[in-house]
Each structure stands twice: as structure tokens, then as C-alpha cells.
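The values are calculated or read from the model by the stated rules, or taken from the named source; none is laboratory data. On a predicted model such as this, the values are computed, not experimentally measured, just so you know. Cβ atoms come from the backbone with ideal geometry, glycine included; neighbour counts cover every protein chain shown. The area values use the complete protein model at the heavy-atom level, side chains included, leaving out ligands, DNA and RNA. Shrake-Rupley method; radii C 1.70, N 1.55, O 1.52, S 1.80 Å.
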Amino acid sequence: MSAPKQHAPPAGKRRPKQELLYDPNVPTPSHAERARTLVSQADSATLCTLSVEPEGYPYGSLVTFAIHDGDPILLVSQLAVHTKNLHGSDRASLLVAEAGPDNPLALGRVTLLGTCRPVPDSDRESVKAVFLAKNPQASFYVDFADFSFFKLHVESIRYIGGFGRMSWVNEPDWKGAEADPLAPFAQGIIDHMNDDHADIMVLYCTQMSKAYDTTEATMVGVDRYGFEMSAVTGDGPRPIRLPFSKPVTTSGEVREEMVDLAKRVRSLKSEI
């Protein structure tokens, strides 16, 4: 069973602003954390440089990358057009976008802007190790004479999480944020909950939020701080977010939190 996208716009006509059905103070990843998580999950992106010929035009090209100290590193050929462009102007941006079968505008993307310059020889080995850990297929040509590493020194970050979720993220927040440790396991957790525990998620909504008339609920997201559901109510689908008792880092810790929550909601239901 595939989980619906949490960024999708509501179906039908625009509705009046509705009351939030869960505690607005529930811990939620910052946009900086969401951006770092999205970028950490990708291994290719669109590099945009200023064209040398024809002069001045934006030029987009597909590249592989890795993150080193918060900045993207690229392994580029001296024959590539984008490398020639970077020698002409070091201003560049990197667009990293989620992939999926749904409306691409409902998916997340991050644009990193800054100056892209050659990596000093003194840093090459550390950069090389990070890049090959993410892109092992590059080991065949990484030491070719006409290949070299460039680093995009991030100055501005634009995060778009889909419809209605977007902002500029400042450079200190970007550098200070960490990718969500659950990201590699999130889809498996979501699929498991939707396939095997749909009944308990209805109870999560009816007993731990204001979505008292929920008839169905689907998990649409999970992160270190909590999880998000789409609850089917009398007013249509409504978002519900519930917190974990503490930040978690593994799928095992998520399971422990879910078991504890299940015990709590069953207890609450039995008291009614």
C-alpha cells in the first residue's frame, strides 16, 4: 500500500480556513532540517551556471554530488560546459528535487545558491572520501587528470516542501541543521503502519486530537520528532500530527513509541 503525498493540495474548491485539529506546538522539523533531509536523500541534481558561450545565459546540467561540511561537492570534467562556465563566473546554484509519480509541483525541492570554486589540493582527499561514499561509481574516473572537485559554498537556500510550505533558509541555520536520521527508513515505517495498523491510527486521531469523527487515517510522514496522518473526517481529509515522547533516531525506537502510544489510546478509549 502506497502512502499519499503529504504535500498534495486539497481536492476540489478552496475551502475557508479550518481549525487546526492538533496541538500547534507539537515539535516539527524546521525548514532547514527538512531541506538538509531532502538533499541528503538525493544523489543527483541540476547545476545552473552562467554560460560562457552563448554568453550570459543560465545553463542547466545534470550532476552527481555529495555534501561536505554543509556544502555540495562536485566531480567535474574539464571538458564539460558547466566547468568552462565556472571558470568564467563562479556564481552557481544547485537544484535538488524529490522524484515521484505524483504532481511534481507537490513534491519537495531545494535550491542552493553560492559561489562554486575548485577544491584546494589540501582538502582533496577528505572531499574525495565523502564523494565516493555517496557516489561509488565515480571511483573509476575520480583520479583521471581531467577531473577535479569543485565545492559550492552555500550562501542562500530556498526550500519548497510542496504547496503552501516554503521559505528562504539562512546559511547558519542550513549549516547547523542535520538530516533526519529516520529518512532512510521512513517509507518502510509508513507502509507498515498503513498496511498493518490502520485501526490504531484511527484511534490516534479520535483520542489524541480534535478529529473525533475520524473514520479512516493514513500515515503520510514520520521524522525524529513525530508523525503525520491524513484523517478522513466529516469535513474531508484533515492533517493530524502527533509527537514522540522524545526525538528518535532508529526504526526500533519508532516502534517503541508507537507501542506506547497504542497502549495510551486504548486506555483512553476504555475510559469513555
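Filter segment 130-156 down to the residues that are without any contact (Cβ under 8 Å) to a residue 60 or more places away in the chain, assigned to a helix (DSSP H, G or I) and open to solvent by 50 Å² or more (accessible area, probe 1.4 Å) and list them by number. Result: 136, 137, 139, 140. Of the helices (runs of 4 or more DSSP H) that lie entirely inside segment 157-272, those containing 1 or more residues that are closer than 30 Å to residue 72 by Cβ span 171-176, 186-196, 251-271. Annotation: of all residues in segment 171-183 being open to solvent by 70 Å² or more (accessible area, probe 1.4 Å) and touching a residue at least 24 places away in the same chain (Cβ under 8 Å), the one that is farthest from residue 45 (Cα to Cα) is 173.
Yes/no matrix, rows are residues, columns are (1) among the aliphatic types (A, V, I, L, M); (2) surrounded by fewer than 16 Cβ atoms within 10 Å (Cβ to Cβ); (3) under 22 Å from residue 186 (Cβ atoms):
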residue	(1), (2), (3)
205	no, no, yes
209	no, no, yes
227	no, no, yes
235	no, yes, no
239	no, no, yes
246	no, yes, yes
256	no, yes, yes
263	no, yes, no
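For segment 226-233, the criterion of being touching a Lys or Arg at 6+ places or on another chain (Cβ under 8 Å) and of a type in the set (S, T, N, Q) is satisfied by at least one residue. Looking across segment 90-116, the residues that are open to solvent by 30 Å² or more (accessible area, probe 1.4 Å) and either under 24 Å from residue 139 (Cβ atoms) or out of contact with any helix residue (DSSP H, G or I) (no Cβ under 9 Å at 6 or more places or on another chain) (or both) come down to 90, 91, 95, 99, 101, 102, 103, 104, 105, 111, 113.
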